[in-house]
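Below: the structure, in C-alpha cells.
The values are calculated or read from the model by the stated rules, or taken from the named source; none is laboratory data. This structure is a prediction, so every number in the text was calculated from the model and none was measured. Note: accessible area is taken over every heavy atom of the protein model, side chains too, but ligands, DNA and RNA are not part of it. Shrake-Rupley method; radii C 1.70, N 1.55, O 1.52, S 1.80 Å.
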Amino acid sequence: PTPLLATRLVSDTEHTAFLKDVLATAKREVMISSYNVLPERLFGGDQLGRAIIKAAKRGIGVYIYYENRPW
C-alpha cells in the first residue's frame with residue numbers, strides 16, 4: 001500500500017475535499033471512520049454521498065465504521 005500524505009485537516013470543507021479526493025483516486029478499497037455524519041453532509045451541497053456511490057460503482061470497496069458499532 002502507498003501511504004497517504006496529509007496535513008492536519010481542520011474544517012469540514014478540508015475533510016470533505018480530502019475524502020472526495022481519496023474516493024476518486026482509490027484503487028481497491030477505502031475505510032471511513034466517523035462518529036457522526038449528518039444527512040446534510042452526505043446529500044447536501046458537498047455531495048459526499050455521491051462520491052461514495054461513484055467509487056462503489058468503479059468497484060472500490062467502501063467500508064464505513066460508524067459510532068464504534070459492532071456491525
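Structural remarks
- Within region 15-32, being open to solvent by 80 Å² or more (accessible area, probe 1.4 Å) and either outside any helix (DSSP H, G or I) or modelled with pLDDT under 85 (or both) holds for K27, R28, E29, M31.
- Count of region 33-52 residues which are hydrophobic (A, V, I, L, M, F, W, C), outside any loop (DSSP other than H, G, I, E, B) and at pLDDT below 90: 3
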